[in-house]
Amino acid sequence: MLSPREWRKQMKLPLAGAASLAGVTGKNPGRTWQRWELGERQPPLSIILKIDALSGGRVSTASWLAAKQSFEARAR
């Protein structure tokens, strides 16, 4: 299992590149991806499933949950 950040780094993608690959839209997709990667926010299930497929299962639901738990532990 890889963290979303580890996967993005292995793929040599900038934040905006990972966001684009996942189909993230909006004012600042790179920042949205960064918030997800850091665990500040959770991506929608559709994005989680898309990244799971793109990563060959290396970034799964558990990866995103671990990012969120890590963020919450740092916030304490």
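Annotations
- Tally, over the range 59-75, of residues that are under 19 Å from Q10 (Cα atoms) and open to solvent by 60 Å² or more (accessible area, probe 1.4 Å): 1
- Of the helices (runs of 4 or more DSSP H) lying entirely inside the range 1-62, those containing at least 2 residues that are modelled with pLDDT of 95 or more and of a type in the set (F, W, Y) span 29-38.
- Restricting attention to the range 6-58, the residues that are within 16 Å of F71 (Cβ to Cβ), basic (K, R) and either open to solvent by less than 60 Å² (accessible area, probe 1.4 Å) or touching a residue at least 60 places away in the same chain (Cβ under 8 Å) (or both) add up to 0.
The values are calculated or read from the model by the stated rules, or taken from the named source; none is laboratory data. All figures in this text were calculated on a predicted structure; none of them were measured in a lab. Positions of Cβ are generated from backbone atoms using ideal geometry, with glycine treated the same way; all protein chains shown enter the neighbour counts. Accessible surface is based on the protein model in full, side chains and every heavy atom, while ligands, DNA and RNA are left aside. Shrake-Rupley method; radii C 1.70, N 1.55, O 1.52, S 1.80 Å.
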